[in-house]
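**Q** Questions regarding the structure given below will be posed in turn.
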Amino acid sequence: MILSILSEKRLSHLNKPNNTYFRHCLLPLSFPYEYNPITVILPVKEIAKAYIPGENEGDISKRWLDSQIGKAVGKSKKNAFTIVMPPPNVTGALHLGHAITLTIEDILVRYQRMQGKDVLWLPGTDHAGIATQNVVEKQLLEKGLSREDLGRERFIQEVWKWKDIYHKRISEQVSRMGASCDWSREAFTLDTARSEAVNHTFVKLYKKGLIYRDTKLVNWCPRCQTVISDIEVEHREEEGNLYFIRYFVSATDRSVCISTTRPETMLGDVAVAVHPDDPRYKEFIGKELILPIVNRIIPVIADKRVDMKFGTGAVKITPAHDPLDAEIGRDHKLESIVVIGPHGRMTKHAGRRFKGLPLTEARKAVVKYLDDIGNLEKIVKHTHQVGHCSRCDSRIEPLESMQWFVKTKPLAEKALKSYKKGDFEFIPGRFEKEFTRWMEEIRDWCVSRQLWWGHQLPVWYCKKVPIWKDKRKQAKEGCQRVIVSEKEPKACPHCGNLSLVRDADVLDTWFSSGLWPFTTLGWPKNTKDFKTFYPNTVMETGYDIIFFWVARMIMLGLEMTGKAPFKKIYLHGLVRDEKGRKMSKSLGNGIDPLEMIEKYGTDALRLTLTVGSTPGNDLKFSESKIEGQRNFVNKLWNAARYTFLTLGKNPKPVAQATPHGLPDRWILSRYNRLVVEATEAFDRYAFGEAAAKIQDFVWHDFCDWYLELTKEKPNKKLLSYLLVNILRLSHPFIPFVTEKLWENFYPINPKSKAKPKLLALDKWPKGSKAKINLKVEEEMEVVLTIISQIRSVRSEMSVEPGRKIAAIVYAGKHEAFLKKQANEIKKLARLASLTVKKSGKEIENAVAKFEAGLEIYLPLAKLLDPKVEKKRLKNDLTEAQQYLSVIDKKLANEDFTSRAPQNIVDSEKAKKAEVEEKIRKIEERLKILG
RNA sequence: GGGUUUGUAGCUCAGUUGGUUAGAGCGCGCCCUUCACACGGGCGAGGUCAGAGGUUCGAAUCCUCUCAAGCCCACCA
């Protein structure tokens, strides 16, 4: 239980009715203190003591939706800032991957909006072909139904029902993240507009010869019962066996030994290949071998692609089931014998003995058979890469079949050219290499899928279809031509036949995603949105889908619109668990962002996903991190609460304020520095850096120092000015709490018809470099040093916190401004009196500190033990001497003094003088102490 | 096999174009019921910047190599 970890002391503190604390923890039944949280009456205050996200986020979210803060105007191209949301799948719930995407994009978008840009952040969802079909099928299975039971039409209806539910759910969750997107332009990859655009694209590419149909070796997932593209195959190292099998030369007792990892495929062997230069096999080339079990006569062929060093140097050729074999088979005009069928079972071509056997059993049977007839030479352990389906993890079977392909070479060439021209860039830049290499080595993209859920190919066949599974079944009637058309043809344009059949396959999900940056804007119609918002300004997504998505968008965008679809590609890293592992269902280490939102608030979650993260680098997520960010949000809340309490009723946001004293001038300088630096970081897309800077300012400069320094005599106008701008600066990161606090400046009147003045629609502050005042910052540094030094001594000497002591400071050149800060110093250092003089006599019976050219004396007569003080001084002395030796070493180096820039040398000299002075002072002091 | 990233305090990470006595948060130790905040405040301990060379007056930062971890790509049966 939470309370069990609290110390005794903290519990005693809790005896005070501290409502806010108890709202956050459940009380154990055995709670040892008499305290009943139910009886606690909240103190009547305008602003709660602690920020409770759950009580505010809903209202604020609604306020944003009602005010349509995300709605883009769409008038001028010049001022447009466009980003389309990577569409979440309609398969399930929000996960941390979505959370980081939405957070980064929302930060970017809110910042740009505050900068006055006409921002379009276009939301949408993805029909996610295989993924969605799989979940719906799974659901049906629970009712004991298969998709075949329902039939295509009814099954698709089921999926649409599912889509409606999950689409609503995911959209709500997107809003919960604070995403300020333009819901009025929401799109779905499978809605009418997008489907028409997909058909249009397919037909165009076909007519240009960039889409074709061919029989090739493809990746077949026996579980999903569909073909998948090369990049959907995940290669994983697996331990297996290497089988050595002897093939005899026809009518002799000589033989060739081959090695294979998949002995069952030998049933489909059509040759054995060796390297032409391999002396071991030169004499065998052209000879005929007897394929064991099958007893087929197969030739020994020579091919340079054979690796002499692997295994025996002789390789069996099975064109139907291995990519390299398929190539070699094609070049040597070999037959291809399909022995493995689409369900992962052996076909009739494998022979009566093996037909119908699942692969694993077929392997056992083949191996046993070979062993029995004496052709199995040996079996050795062997690790190798095995392809798995990225959707269901089944082993992929390379199968030969007729599919539709996109000819990618010409598209990739355009993409590379456009990249070299500088049309778009990657953030971080290193992904450029990955992108260009992939483009250079690209292979054709298999786009047809044997699924039901998706864009059915706009393809018809005259008369009966050559069914992909078995091309032998081609019908004899009709002209058998292929008709590719945006609209359903009534008759065959070639022969007038009225009997047409539509291709049953659907398109790869990524085909429609690849068009997303422009189909969402109304393309292929030349809409106003398309004219205004295309190309997009930024594409933001995870680096794990560069090839799946980013590359395809670029290729298809260039081909279809003539322009690269976006100018910048920002790639974020993956969210991992605290140990750096990928989050996965099987590991059970997944963190539910919604649970985190419930517990800590959306703002805290957003900060956790951005602060201290850099683009392209993975991020470890842990609950202790989000807890820390929740604490920050609360800190800001309380700083604001203090400010509002100070400002009194009806606080006014102030646009300008005059500084009264050093702390005022200092905080203004620091504030301007912050705005300049944070804005600059934002413009570099360094969001993590900007967030850290803002956070640092709020927590340390503002709360720890400025508020404390000015509590006696707060400059109300300046306080208001600072808070207003802190809210603006932090708003992109933590929109909820800042919008809530903003309400105190611009109260929400539910009865009023006037639009509320929302922070989300306010302006980003302008900082000025000219207002960064180095002199003021240096002076303040001295003040802060004094306070820290005195606090440090107090702590070291165990002076009770309540006890006020005296201090004397000989300030030298700092005297003038220090005198003016005496009150602040007294307060923060808890002093009864403070004397500031230019210089003076050494003070006896006092603790002495020599820092920053100052002499600080704390007469603690009664507390002072000369021995302890001597020890302390000696420590200070050694430290100073060590530092001096470092500087001396530098200055003694003639190369340094002659070659380093003068200002560097000067500053070293100044440091030296200061340390020497310090050492002198400490030594004197030690003399006095004896 | 090729490519790439990372290695900085016990943990998670910052560290701009080379010039700091190397920083933050969490954790740890001591102290604090001061009325914005205990989801807080103060003070403190803790680091040969993975290792070895090199460039330079000067390297956590640039170069080379080594080691370790991760990721991506690749048709070695």
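The values are calculated or read from the model by the stated rules, or taken from the named source; none is laboratory data. Note that this is a predicted model, so its numbers are computed, not measured. Because the Cβ atoms are built from the backbone with ideal geometry, glycine has one as well, and the counts that use them run over all protein chains shown. For accessibility, only protein heavy atoms count, side chains too; no ligands or nucleic acids. Shrake-Rupley method; radii C 1.70, N 1.55, O 1.52, S 1.80 Å.
**Q** Answer yes or no as to whether A:T383 is in a strand (DSSP E or B) and either modelled with pLDDT of 90 or more or among the hydroxyl-bearing types (S, T, Y) (or both).
**A** So A:T383 fits the description; yes.
**Q** Still on this structure: Out of (1) in a strand (DSSP E or B); (2) over 30 Å from A:D503 (Cα atoms); (3) away from RNA strand B (no atom under 12 Å from the Cβ); (4) of a type in the set (S, T, N, Q), what's the single condition that is false for A:S401?
**A** (2)
**Q** For region A:888-929, how many residues are among the hydrophobic types (A, V, I, L, M, F, W, C), open to solvent by 50 Å² or more (accessible area, probe 1.4 Å) and more than 12 Å from RNA strand B (Cβ to nearest atom)?
**A** Final tally of qualifying residues: 3.
**Q** List every residue pair whose Cβ atoms sit under 7 Å apart, with the two residues 6 or more apart in sequence or on different chains, where the first one lies in region A:207-224 and is under 18 Å from A:I483 (Cα atoms) and modelled with pLDDT of 90 or more and the second, anywhere, is of a type in the set (A, V, I, L, M) and not in a strand (DSSP E or B).
**A** Note: pairs meeting the criteria are A:L210/A:L411; A:I211/A:L205.
**Q** Right, another one. Within region A:406-426, count every residue that is open to solvent by 40 Å² or more (accessible area, probe 1.4 Å) and assigned to a loop (DSSP other than H, G, I, E, B).
**A** 4
**Q** Please indicate, with yes or no, whether at least one residue in region A:651-663 is within 8 Å of RNA strand B (Cβ to nearest atom) and among the hydrophobic types (A, V, I, L, M, F, W, C).
**A** no
**Q** Does region A:246-283 hold any residues that are in contact (Cβ under 8 Å) with a residue 40 or more places away in the chain, over 15 Å from A:I317 (Cα atoms) and open to solvent by 30 Å² or more (accessible area, probe 1.4 Å), and which are they?
**A** A:F248, A:S250
**Q** For region A:284-353, list the strands (runs of 3 or more DSSP E) that sit wholly inside it and hold at least 1 residues that are open to solvent by less than 70 Å² (accessible area, probe 1.4 Å) and over 14 Å from A:A273 (Cβ atoms); which are they?
**A** Those strands (runs of 3 or more DSSP E) span A:288-291, A:296-302.
**Q** Any residue in region A:891-915 that's modelled with pLDDT of 85 or more and of a type outside the set (S, T, N, Q): show its pairings with residues that are more than 8 Å from RNA strand B (Cβ to nearest atom) and not in a helix (DSSP H, G or I) at Cβ separation under 9 Å, as long as the two are six or more apart or on different chains.
**A** Within 9 Å, the pairs are A:E914/A:A852; A:E914/A:G853.
**Q** Within region A:550-568, does at least one residue satisfy the condition of being within 17 Å of A:I107 (Cα to Cα), within 15 Å of the chain's Cα centre (by Cα) and of a type outside the set (V, I, T)?
**A** No, there is no match, as no residue in region A:550-568 is within 17 Å of A:I107 (Cα to Cα), within 15 Å of the chain's Cα centre (by Cα) and of a type outside the set (V, I, T).
**Q** Applying the selection to region A:84-100, what residues are buried (at least 24 other Cβ atoms within 10 Å of the Cβ), in a loop (DSSP other than H, G, I, E, B) and among the aliphatic types (A, V, I, L, M)?
**A** Correct list: A:M85, A:V90.
**Q** Another question about this same structure. Name the residue that is farthest from A:V575 (Cα to Cα), counting only residues in region A:623-649 that are open to solvent by less than 20 Å² (accessible area, probe 1.4 Å) and of a type outside the set (S, T, N, Q).
**A** For region A:623-649, the residue satisfying everything is A:F644.
**Q** Please tell me if A:K763 is over 18 Å from A:G853 (Cβ atoms), in a helix (DSSP H, G or I) and under 42 Å from the mean Cα position of the chain (by Cα).
**A** no
**Q** Of everything in region A:533-576 that's of a type in the set (D, E, K, R) and part of a strand (DSSP E or B), which residue is surrounded by the most Cβ atoms within 10 Å (Cβ to Cβ)?
**A** Within region A:533-576, the match that is surrounded by the most Cβ atoms within 10 Å (Cβ to Cβ) is A:E540.
**Q** So, of the residues in region A:679-692 that are within 9 Å of RNA strand B (Cβ to nearest atom) and assigned to a helix (DSSP H, G or I), which turns out to be surrounded by the fewest Cβ atoms within 10 Å (Cβ to Cβ)?
**A** A:E680
**Q** Which pairs have Cβ atoms under 9 Å, sit 6 or more apart or on different chains, and link a residue in region A:673-687 that is among the acidic types (D, E) to one that is within 11 Å of RNA strand B (Cβ to nearest atom) and open to solvent by 20 Å² or more (accessible area, probe 1.4 Å)?
**A** Qualifying pairs under 9 Å: A:E677/A:E689; A:E677/A:K693.
**Q** Considering A:K771, A:K819, A:K813, A:K766, which residue is within 23 Å of A:K841 (Cα to Cα), modelled with pLDDT of 90 or more, open to solvent by 100 Å² or more (accessible area, probe 1.4 Å) and more than 16 Å from RNA strand B (Cβ to nearest atom)?
**A** Testing whether each residue is within 23 Å of A:K841 (Cα to Cα), modelled with pLDDT of 90 or more, open to solvent by 100 Å² or more (accessible area, probe 1.4 Å) and more than 16 Å from RNA strand B (Cβ to nearest atom) leaves just A:K819.
**Q** Please specify each residue of region A:652-671 satisfying the condition of being of a type outside the set (K, R) and within 11 Å of A:K717 (Cβ to Cβ).
**A** Within region A:652-671, A:P653, A:V654, A:A655, A:Q656, A:A657, A:T658, A:P659, A:H660, A:D664 qualify.
**Q** Across region A:709-722, what is the number of residues that are open to solvent by less than 60 Å² (accessible area, probe 1.4 Å) and either assigned to a helix (DSSP H, G or I) or near RNA strand B (Cβ under 7 Å from one of its atoms) (or both)?
**A** Selection size over region A:709-722: 6.
**Q** Considering only region A:227-237, I want to know if a residue exists there that is of a type in the set (S, T, N, Q), open to solvent by less than 50 Å² (accessible area, probe 1.4 Å) and over 17 Å from A:A326 (Cβ atoms).
**A** Checking region A:227-237: not a single residue is of a type in the set (S, T, N, Q), open to solvent by less than 50 Å² (accessible area, probe 1.4 Å) and over 17 Å from A:A326 (Cβ atoms).
**Q** Follow-up. Considering every residue within region A:158-169, establish whether at least one is under 27 Å from A:V109 (Cα atoms), among the charged types (D, E, K, R) and surrounded by fewer than 20 Cβ atoms within 10 Å (Cβ to Cβ).
**A** yes
**Q** Oh, and also: Looking at this structure, is A:P615 of a type outside the set (D, E), open to solvent by less than 40 Å² (accessible area, probe 1.4 Å), in contact with a His (Cβ under 9 Å, 6 or more places away or on another chain) and within 11 Å of RNA strand B (Cβ to nearest atom)?
**A** Judged against the criteria, A:P615 is a match.
**Q** A further question follows. What pairs can you find where one residue is in region A:872-886 and within 13 Å of A:K911 (Cα to Cα), the other is among the charged types (D, E, K, R) and within 11 Å of RNA strand B (Cβ to nearest atom), and their Cβ atoms are less than 6 Å apart, with a gap of 6+ or different chains?
**A** A:A880/A:K918
**Q** Sort out which residues of region A:427-455 are assigned to a loop (DSSP other than H, G, I, E, B) and either at pLDDT 90 or above or within 30 Å of A:A504 (Cα to Cα) (or both), and write them in order of number.
**A** Within region A:427-455, A:I442, A:R443, A:D444, A:V447, A:Q450, A:L451, A:W452, A:W453, A:G454, A:H455 qualify.
**Q** Answer yes or no as to whether A:N725 is away from RNA strand B (no atom under 11 Å from the Cβ), over 28 Å from A:I52 (Cα atoms), out of contact with any strand residue (DSSP E or B) (no Cβ under 6 Å at 6 or more places or on another chain) and assigned to a helix (DSSP H, G or I).
**A** Spelling it out, it is not the case that A:N725 is away from RNA strand B (no atom under 11 Å from the Cβ), over 28 Å from A:I52 (Cα atoms), out of contact with any strand residue (DSSP E or B) (no Cβ under 6 Å at 6 or more places or on another chain) and assigned to a helix (DSSP H, G or I).
**Q** Quick one: A:P659 ticks every box in (1) at pLDDT below 90; (2) surrounded by fewer than 19 Cβ atoms within 10 Å (Cβ to Cβ) except a single one, so which number is it?
**A** Going through (1) at pLDDT below 90; (2) surrounded by fewer than 19 Cβ atoms within 10 Å (Cβ to Cβ) one by one, A:P659 breaks only (1).
**Q** Being out of contact with any helix residue (DSSP H, G or I) (no Cβ under 6 Å at 6 or more places or on another chain), more than 13 Å from RNA strand B (Cβ to nearest atom) and within 19 Å of A:G240 (Cβ to Cβ) narrows it down to one residue among A:I298, A:I290, A:I340; which is it?
**A** On inspection, the qualifying residue turns out to be A:I340.
**Q** While we're looking at this one, here's another question. When you look at A:K216, is it more than 30 Å from the chain's Cα centre (by Cα) and not in a helix (DSSP H, G or I), yes or no?
**A** Considered against the rule, which asks whether it is more than 30 Å from the chain's Cα centre (by Cα) and not in a helix (DSSP H, G or I), A:K216 comes out as yes.
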